[in-house]
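A.B. asks: Pasting a structure here, questions to come.
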Amino acid sequence: MLYYLVSYFSKGNPLAAGPAIMGAPENYIARPTKGEATSASEEHSNITIVELKKMYSKKIPITMATAYDFPSAVHVDLAGIDVVLVGDSLGMVVLGYDTTLPVTFDEILHHCRAVSRGCKRPLLVGDLPFGSYEISAQ
């Protein structure tokens with residue numbers, strides 16, 4: 001079984017059904033992954049902005065991870081992560097640039113497509129590369 005750590009905010013937290021992780025602090029719990037939910041209402045097919053807002057209002061922890069490719073996206077999905085980010089840091093981590101400045105919109109889009117094929121449940125967030133959102137001087 002795959003589990004990941006989440007912060008436990010209240011005693012009435014529905015996520016407390018999972019077993020505790022050995023050696024973890026008392027205020028951390030193991031959260032059941034997709035397919036292991038304790039009730040049908042706890043399992044979500046897709047995470048949306050509306051779903052994130054509901055989780056936030058109920059003080060249910062929201063998890064987020066970074067993925068740049070298909071294999072890491074599959075692991076993110078299996079772990080039950082709520083939001084996956086494809087950040088411009090892929091320029092340094094994957095593409096070998098010295099900074100994030102040379103990353104183009106097309107490179108981000110290419111990696112977003114790969115990640116979207118690997119994970120279906122999490123909300124996918126893609127960075128806009130540096131300078132792509134500025135108003136032209138012309």
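A.B. asks: I'd like the residue in the stretch 76-100 that is in a helix (DSSP H, G or I), hydrophobic (A, V, I, L, M, F, W, C) and open to solvent by less than 30 Å² (accessible area, probe 1.4 Å) and, out of all such residues, is farthest from Gly126 (Cα to Cα).
C.D. replies: From the stretch 76-100, those in a helix (DSSP H, G or I) are 76-79, 90-93; that's our starting set.
Adding the requirement that they be hydrophobic (A, V, I, L, M, F, W, C) leaves 76, 78-79, 90, 92-93.
Within this subset, residues satisfying the condition of being open to solvent by less than 30 Å² (accessible area, probe 1.4 Å) are 76, 79, 90.
Values: Val76: 15, Ala79: 20, Leu90: 11 Å.
If we take residues in the stretch 76-100 being in a helix (DSSP H, G or I), hydrophobic (A, V, I, L, M, F, W, C) and open to solvent by less than 30 Å² (accessible area, probe 1.4 Å), then Ala79 is farthest from Gly126 (Cα to Cα).
A.B. asks: So which residues in the stretch 54-75 are more than 18 Å from Asp127 (Cα to Cα) and not hydroxyl-bearing (Ser, Thr, Tyr)?
C.D. replies: Of the stretch 54-75, the ones more than 18 Å from Asp127 (Cα to Cα) are 54-62, 71, 74-75.
Selection gives Lys54, Met55, Lys58, Lys59, Ile60, Pro61, Ile62, Pro71, Val74, His75.
A.B. asks: What number of residues in the stretch 101-121 are within 14 Å of Tyr68 (Cα to Cα) and either open to solvent by less than 50 Å² (accessible area, probe 1.4 Å) or touching a Gly at 6+ places or on another chain (Cβ under 8 Å) (or both)?
C.D. replies: Looking only at that region, the number is 11.
A.B. asks: Within the stretch 101-127, work out how many residues are of a type in the set (A, V, I, L, M, F, W, C) and touching a residue at least 40 places away in the same chain (Cβ under 8 Å).
C.D. replies: 6
The values are calculated or read from the model by the stated rules, or taken from the named source; none is laboratory data. These numbers were taken from a predicted model, which means no experiment stands behind them. Using ideal geometry, Cβ is built from the backbone for each residue, glycine included, and neighbour counts are taken over all protein chains shown. For the accessible areas, the whole protein counts, side chains as well, though only heavy atoms, and no ligand, DNA or RNA atoms are used. Shrake-Rupley method; radii C 1.70, N 1.55, O 1.52, S 1.80 Å.
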